[in-house]
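The values are calculated or read from the model by the stated rules, or taken from the named source; none is laboratory data. Because the structure is predicted, anything quoted here is derived from the model rather than measured. Here the Cβ positions follow ideal geometry from the backbone for every residue, glycine too, while neighbour counts run over all protein chains shown. Heavy atoms of the whole protein, side chains included, go into the accessibility calculation; ligands, DNA and RNA do not. Shrake-Rupley method; radii C 1.70, N 1.55, O 1.52, S 1.80 Å.
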Amino acid sequence: MRAMRLVGSWGLALFLIFMFLQATIHPLPNPPEGSVKLFDPPGQNIVFATIAANTQIPLFEPTGRVVVAIAELLAALLLLLPMTRRTGAGLSFLVLAGAVAFHMMPEILGREVPTSLAAGAGTDGGQLFALAIAMLAASMLLFVIHPRKR
């Protein structure tokens with residue numbers, strides 16, 4: 001049973017690490033415009049620019065974006081090490097709970113995020129919201145199944 005929990009823990013941790021790295025530094029070539037937290041020019045990240053525009057709080061873009069990216073990278077680092085994995089799962093839960101909360105407020109972000117900052121742009125059909133829910137569930141499950149020290 002412990003071996004199954006350890007394998008499940010590694011699987012969930014690697015999934016979360018990959019997704020956090022994909023969103024913050026995008027190691028794969030040709031990232032979509034406006035979707036990489038640390039390398040988008042100020043005011044060009046679609047999610048945080050939308051939040052800043054809808055709330056009229058300019059602090060969300062780029063300051064809030066960089067703070068969230070650093071928290072995600074710290075969570076990824078903590079998830080990588082087995083001795084800090086539960087702490088990383090807790091931090092990823094907090095980051096993702098905030099993301100889901102912003103998606104649940106239609107006047108701030110909404111479940112469907114625009115695909116670009118241009119007026120009249122289409123939406124992603126809720127894919128980013130579904131990914132946030134899946135990652136939130138993975139972080140909760142990881143916190144529960146990661147084996148404790150004997």
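Observations
- 0 to 90° range, to nearest 10: angle between helix 46-55 axis and the chain longest Cα axis: 60 degrees
- Efficiency of FRET between T55 and V144 - r from beta-carbon atoms, R0 25 angstrom, step 0.05: 0.15
- GNM flexibility winner over the chain from A121, A76, A23 (Cα, springs under 10 Å): A121
- Crossing angle, helix 127-145 versus the chain [Cα axis fit, 0-90 degrees, rounded to tens]: 20 degrees
- Check: the chain dipole with +1 on Lys, Arg Cβ and -1 on Asp, Glu Cβ, in debye: 1100 debye
- Positive contributions from Lys and Arg (+1) and negative ones from Asp and Glu (-1), summed over other residues with Cβ under 12 Å from the Cβ of V95, come out at 0.
- Between 0 and 90 degrees, the angle of helix 85-103 with respect to the longest Cα principal axis of the chain falls at about 30 degrees.
- One quarter of the surface of the convex hull around the alpha-carbon atoms of segment 57-141 equals 6.0 nm², the direction-averaged projected area.
- Comparing A118, A134, A71 in a Gaussian network model of the chain (Cα springs below 10 Å), the most mobile by mean-square fluctuation is A118.
- Ellipticity estimate at 222 nm from DSSP helix runs (n ≥ 4, -39,500 (n - 2.57)) divided over the chain, nearest 500: -20000 deg cm²/dmol
- Near G64: Cβ cut-off under 15 Å, other residues only, Lys/Arg at +1 and Asp/Glu at -1. The net charge is -1.
- Summarising the label geometry, the points placed 7 Å from Cα in the beta-carbon direction at L21 and A121 lie 2.6 nm from one another.
- Estimated inter-spin distance, T87 and I70, nm [label 7 Å along Cα→Cβ]: 1.7 nm
- Selection among L14, P32, N54 by position relative to the dipole of the chain gives L14 as farthest towards the positive end (Cβ unit charges, Cα centre).
- Sequence-separation-based contact order of the chain, relative, with Cα cut under 8 Å and 6+ spacing, percent: 27 percent
- Local charge for I25 was computed over the other residues whose Cβ lies under 12 Å away, with Lys and Arg +1 and Asp and Glu -1, and equals -1.
- Carbon/sulfur fraction of accessible area - the chain, other protein chains in place, 1.4 Å, %: 73 percent
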